[in-house]
Amino acid sequence: MKNSFKNLTFPELVAKRDELQKKYMEFRFQMVVGHVDNPLQKRTMRRQIARLNTLIRQHELAGKA
């Protein structure tokens, strides 16, 4: 999964991050209600969002340089 993010363009990275953030919020609501099969998925999604934020920031800095 890590390497597949590196091949995405800037707009694709932003779209993927937004999609994962929506899924993460829905997952958090499901955890509160108690209908979660795999609670470790929360950590995985959070880390994927962080990876995407890092790549997005790298693209932004590369564009300004």
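Below, the figures for the structure above:
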read-out: Pair list, Cβ under 8 Å, 6 or more apart: region 43-61 residue without any contact (Cβ under 8 Å) to a residue 40 or more places away in the chain and surrounded by 13 or more Cβ atoms within 10 Å (Cβ to Cβ), other residue of a type in the set (S, T, N, Q) and assigned to a helix (DSSP H, G or I); value: Ile49/Gln21
read-out: Residues satisfying the stated conditions in region 1-20, i.e. outside any helix (DSSP H, G or I) and surrounded by fewer than 15 Cβ atoms within 10 Å (Cβ to Cβ); value: Met1, Asn7, Thr9
read-out: Selected residue (criterion: surrounded by the most Cβ atoms within 10 Å (Cβ to Cβ)) from residues of region 21-42 that are part of a helix (DSSP H, G or I) and either of a type in the set (A, V, I, L, M, F, W, C) or at pLDDT below 90 (or both); value: Phe27
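The values are calculated or read from the model by the stated rules, or taken from the named source; none is laboratory data. Predicted model only: the values in this text are computed from it and were never measured. Because the Cβ atoms are built from the backbone with ideal geometry, glycine has one as well, and the counts that use them run over all protein chains shown.
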